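A short write-up of the structure that comes next.
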Amino acid sequence: AIDDPDITIDELMEYIKGPDFPTGGVIMGKSGIRSAYHTGRGKVIMRAKAEIEELDGGKTRIVVSELPYQVNKAKLEKYINDLVRDGKIDGISSTRDESDENMHFIIELKRDANPNIVLNNLYKFTQMQDTFGVIFLALVDNEPKILNLREMIDYYIAHQKDVIVRRTKFDLAKAEERLHILEGYKIAIDNIDEVIKIIRASKSIPDSKLALQERFGLSDPQSTAIVQMQLGRLSGLEREKVENEFEQLSAKIADFNDILANEYCVLEIVKTDLTNIKAKYGDDRKTSI
């Protein structure tokens, strides 16, 4: 969206295929996704990921490896067993949970059962098929608003721009404060003997600060930084060290000002930050469509 401000929702959907849930599962069809992305509201039909396995002796079983999001496995198993007990689903002989770090929920079928019919009934009567309601509700200028996909992304980019600008202004202020102190140090280095003489001759810290301000035109923060430094460190201030820090900070301040003056720079930082997040946390899609 940053690189192509005219990109449409349908074009965005080439990159954002649909919801991706931590428990995996299968999304049935794209109409619910398309509705959610275009209008901010939609219903996504979710199914468990289940496979029919053939066993020796002509028996079959259904192995469930993924469930729809927020479906509780223990409650699902109990509900299936209740349906079997009440005669609402035929063909199931037993269920058991062999899950470890990966889900492995087994539904054993009777010898004469048609596994496809049993599986379809499980989708029909249990949460092995479930509907996930989507509503893109967000606070926009402190007002609740339902957003489509493009609006969500645009507001997110605007928020990130605001974050970068605020962060840059904060860093700029800190850098300018430090540069101001370094300017004071440079004056002190150029007049080190006189500065030490004034400090030693003063009766108190406020007196020495006032004398330094009057003699060298220093500000209160500059004179404070100088008088708070031990005389040994003050006389040992290395000009090269101060000059190097001064140059580095000056370059940083120029960069900060460039960023604040140029929206393109801000957007490039947003892209870099998001790319770094993707590299660090990105993983493969869990939910298939």
Once phi for every residue in the stretch 49-63 is put through the Karplus expression 6.51 cos²θ - 1.76 cosθ + 1.60 (θ = phi - 60°), the whole-Hz ³J(HN,Hα) values, with Gly and Pro written as x, are 8, 9, 10, 8, 10, 8, 10, 4, x, x, 8, 9, 8, 10, 10
Ignoring solvent entirely, what values of log10 I(q)/I(0) come out of the Debye formula for the stretch 171-289 at 0.13, 0.16 Å⁻¹ when each Cα is a single scatterer? -0.65, -0.80
Relative to the longest principal axis of the chain, what angle (0 to 90°, nearest 10) does the C-alpha long axis of helix 239-261 take? 50
Give the calculated FRET efficiency between Ile16 and Asn102 to the nearest 0.05, with a Förster radius of 22 Å applied to their Cβ-Cβ distance. 0.25
Do any trypsin sites (Lys or Arg not before Pro) in the stretch 50-155 lie in a DSSP loop with no more than 14 other beta carbon atoms within 10 Å, and if so, which? Lys88, Lys110, Arg111
One checks the Cα atoms of the stretch 219-289 and finds Rg and Dmax, in Å, of 22.2, 72
The chain - convex hull of the alpha-carbon atoms, volume per residue in Å³: 238
Can you grab the distance from the C-alpha centre of the stretch 212-289 to the C-alpha centre of the stretch 23-68, Å, no decimals? 51
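What value does the stretch 111-225 have for Rg/Rh, both radii from Cα atoms and Rh as Kirkwood defines it?
Working: Rg = 34.1 Å, Rh = 21.2 Å.
Result: Rg/Rh = 1.61.
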222 nm mean residue ellipticity, helices alone, for the chain (DSSP H n ≥ 4; -39,500 (n - 2.57); rounded to 500): -17500 deg cm²/dmol
When the chain is modelled as a GNM with alpha-carbon springs shorter than 10 Å, which of Ile62, Ile259, Ile196 fluctuates the most? Ile196
What accessible area per residue comes out for the stretch 31-181, rounded to a whole number of Å², with a 1.4 Å probe? 60
Using +1 on the beta carbon of Lys and Arg, -1 on that of Asp and Glu, and nothing else charged, what's the dipole of the stretch 123-174 about the Cα centre, debye to 20? 240
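Quick one: with all protein chains in place, what share of the accessible area of the chain is carbon or sulfur, to the nearest percent (1.4 Å probe)? Could you put the intermediate results ahead of the total?
Working: 8790 of 17980 Å².
So the carbon and sulfur contribution to the accessible surface is 49 percent.
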Viscosity 0.890 mPa s, temperature 25 °C, Stokes-Einstein D of the stretch 55-124 from Kirkwood C-alpha radius, µm²/s: 195
Cα centroid of the stretch 1-19 to Cα centroid of the stretch 107-161, whole Å: 20
Can you work out the PRE-style zone for Asp273? Point 7 Å along Cα to Cβ, and I want the residues of the stretch 131-171 with backbone N under 17 Å. 153-171
Can you list the lysines whose alpha carbon sits under 22 Å from that of Lys286, skipping same-chain ones fewer than 8 residues off? Lys17, Lys30, Lys43, Lys49, Lys73, Lys278
Under 12 Å from the Cα of Lys161 - aspartates and glutamates, other chains or at least 8 residues apart: Glu263, Glu268, Asp273
Give the aspartates and glutamates whose C-alpha is closer than 20 Å to that of Lys124, dropping any in the same chain fewer than 8 places away, or say none. Glu51, Glu66, Glu77, Asp82, Asp86, Asp90, Glu108
Go through Gly232, Phe136, Gln160 and say which Cα lies farthest out towards the positive end of the charge dipole of the stretch 114-251; charges sit on Cβ, +1 for Lys and Arg, -1 for Asp and Glu. Phe136
Table column - 3J(HN,Hα) (Hz), the stretch 77-84, Karplus curve with 6.51, -1.76, 1.60, x for Gly and Pro: 4, 4, 5, 4, 5, 5, 5, 5
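Using +1 on the beta carbon of Lys and Arg, -1 on that of Asp and Glu, and nothing else charged, what's the dipole of the chain about the Cα centre, debye to 20?
Numbers: 41 positive and 50 negative charges, 202 e Å.
Dipole size: approximately 960 debye.
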Val140 versus Leu231, label points 7 Å from Cα toward the beta carbon: distance in nm? 6.7
The stretch 1-96: percent of C-alpha pairs farther apart than 17 Å? 66
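The values are calculated or read from the model by the stated rules, or taken from the named source; none is laboratory data. All values reported here derive from a predicted model rather than from experimental measurement. A quick note on method: Cβ atoms are made from the backbone with ideal geometry, for glycine too, and the neighbour counts reach across all protein chains shown. With ligands, DNA and RNA removed, areas are computed over all heavy atoms of the protein, side chains included. Shrake-Rupley method; radii C 1.70, N 1.55, O 1.52, S 1.80 Å.
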